[in-house]
Amino acid sequence: MHVQTHLLSGWCIANYLDLSPRERLFAMVAAAAADVDGISRIAGEEAYWRWHHTVGHNLWFGLIVSILLAAFSSRRLYSMLLYLGLFHLHLLMDYYGSGPGWHIHYLWPLRGAILTNPNAWEFYSWQNLTIFAGLLVWTVWIALRNGRTPLEALMPSLDAKIVAWLRRNFGYRRAADGHSAVRRSNASQADLDQTH
């Protein structure tokens, strides 16, 4: 599955938990970290096919990444379990969405536990694109509702500008009771005013 899909999966899930901006960033890292083994493409196609879904797509790498990220998080055990869960979400998404012929060497470098899905859909399939589109819509909704984007920890001023643009162009306002609401058109608002 595409790296940006993994990043957004971590971001969207992290926004429903009590996390700091840095921890939400770490959630995105945990959800995408397995694809670090994709760097093997630099050494050529043969190296890519041999090492991708091997070096980064295994339990031990997931544990290392999760422990390292948790060391810089406020609630270490909670965060480590979250990051490990997001790492495994990556593996699950790749199991279905990386295309036929890909294996996940879950216990590498130990032997055994090689996971293969003979019914995996193609990398550029409608399923993968639909999942990405759904996560993108979810991300926009989070930006409108919570006032933050995946850029909040890295580029806070750009984050604020994107949120302001989205709210201005998608008709978002905060209701008097503090809950989010979508602005009604002038005509429908006038109709409501006449009925009261």
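The values are calculated or read from the model by the stated rules, or taken from the named source; none is laboratory data. Just so we're clear, the structure is a prediction, and the values are computed from it rather than from any experiment. For neighbour counting, all protein chains shown are included, and Cβ atoms are generated from backbone atoms with ideal geometry for every residue, glycine included.
It is to be established whether one or more residues within the range 18-25 are of a type in the set (Gly, Ala, Ser) and not in a helix (DSSP H, G or I).
First pass over the range 18-25, keeping only residues of a type in the set (Gly, Ala, Ser): 20.
Narrowing further to those that are not in a helix (DSSP H, G or I): 20.
Scanning the range 18-25 turns up at least one residue that is of a type in the set (Gly, Ala, Ser) and not in a helix (DSSP H, G or I).
Table: residues versus (1) under 22 Å from the mean Cα position of the chain (by Cα); (2) without any contact (Cβ under 8 Å) to a residue 40 or more places away in the chain; (3) over 22 Å from ALA14 (Cβ atoms).
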| residue | (1), (2), (3) |
| --- | --- |
| LEU86 | yes, no, no |
| LEU91 | yes, no, no |
| GLY99 | yes, yes, yes |
| ASN119 | no, yes, yes |
| SER125 | yes, yes, yes |
| ASN128 | yes, no, no |
| LEU136 | yes, no, no |
| VAL140 | yes, yes, no |
| LEU144 | yes, yes, no |
Residue count, the range 1-27 (criterion: out of contact with any Ser or Thr (no Cβ under 7 Å at 6 or more places or on another chain) and under 22 Å from TYR124 (Cα atoms)):
8
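Is it fair to say TRP60 is without any contact (Cβ under 8 Å) to a residue 24 or more places away in the chain, surrounded by fewer than 16 Cβ atoms within 10 Å (Cβ to Cβ) and of a type in the set (Phe, Trp, Tyr)? Show your work before the answer.
Details: without any contact (Cβ under 8 Å) to a residue 24 or more places away in the chain: no; surrounded by fewer than 16 Cβ atoms within 10 Å (Cβ to Cβ): yes; of a type in the set (Phe, Trp, Tyr): yes.
No.
One line per residue, one yes/no per condition, for (1) under 18 Å from HIS105 (Cβ atoms); (2) at pLDDT below 95; (3) surrounded by 22 or more Cβ atoms within 10 Å (Cβ to Cβ):
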{"site": "GLU45", "(1), (2), (3)": "no, yes, no"}
{"site": "ALA71", "(1), (2), (3)": "no, no, no"}
{"site": "ARG75", "(1), (2), (3)": "no, no, no"}
{"site": "SER79", "(1), (2), (3)": "no, no, yes"}
{"site": "TYR83", "(1), (2), (3)": "no, no, yes"}
